[in-house]
Amino acid sequence: MSKKFFVKIVTDPDVDQRKCIVGIACAAQAIKDGHDVDVFFAADGVKMIHAAYLHRINEQGNLPDGMIIGMLKVITEGASNVYCSTGSQAANGVTKENADEMLLEGYSDWMTWSGPPGVIALSAASDVQLVY
C-alpha cells in the first residue's frame, strides 16, 4: 500500500552531515519504493541543495562517488513536490535573484520557494512524516 510521505531536512549539515544524508537517502528510497513523497528543505538543511556544498560532500570521499548527487536526482525527478524555505535560503546567502549561481541545476523546474504555509500544507496532507 502506497503512503504519502513528507520528509523535512532541517539539520545543519555542518553540524550533522550524516543526518542530512540519511534523510535524503530515505526520501529517495521512498520514491523508489513507489510512495508519494514531498520534501521540504528548511533551516540550514537548505545547504543540501546548494551545488557547491554537494560537490564538496562528494569530494570528501566519505560516500561512493556521485552517490549524494544521484540520490538528489531521484528526489528532484521523482518527488511529488520539493520545497525550500525562502527565508532559510536567504539566511544562507541564496535569494531568487542569485539562485541560478547557487542551487542545483534545474531547480526552477522542480523546486517551490515557500515557508511555514508550505510546511503546514505538506504536513497536513501526509500519512508519514520524517524529519532530519
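The values are calculated or read from the model by the stated rules, or taken from the named source; none is laboratory data. From a predicted model like this one, the values you see are computed outputs, not experimental measurements. Every residue, glycine among them, receives a Cβ derived from its backbone with ideal geometry; neighbour counts consider all protein chains shown.
Quick look at the numbers
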{"quantity": "Region 61-92: number of residues that are at pLDDT 95 or above, assigned to a loop (DSSP other than H, G, I, E, B) and out of contact with any strand residue (DSSP E or B) (no Cβ under 9 Å at 6 or more places or on another chain)", "calculated": "0"}
{"quantity": "Residues that are assigned to a helix (DSSP H, G or I) and of a type outside the set (S, T, N, Q), drawn from region 93-109", "calculated": "ALA99, ASP100, GLU101, MET102, TYR107, ASP109"}
{"quantity": "Test: residue in region 81-97 that is closer than 29 Å to MET1 by Cα, hydrophobic (A, V, I, L, M, F, W, C) and buried (at least 18 other Cβ atoms within 10 Å of the Cβ)", "calculated": "yes"}
{"quantity": "Selection within region 23-44 - closer than 17 Å to SER114 by Cβ, assigned to a helix (DSSP H, G or I) and free of Cβ contacts under 8 Å to residues at least 60 places away in the same chain", "calculated": "ALA43, ASP44"}
{"quantity": "Residue check for THR112: without any contact (Cβ under 8 Å) to a residue 24 or more places away in the chain, among the β-branched types (Val, Ile, Thr), farther than 25 Å from GLY66 by Cβ and not in a helix (DSSP H, G or I)", "calculated": "no"}
{"quantity": "Selection status of CYS20, in contact (Cβ under 8 Å) with a residue 12 or more places away in the chain, under 23 Å from LEU122 (Cβ atoms), outside any strand (DSSP E or B) and in contact with a Gly (Cβ under 7 Å, 6 or more places away or on another chain)", "calculated": "yes"}
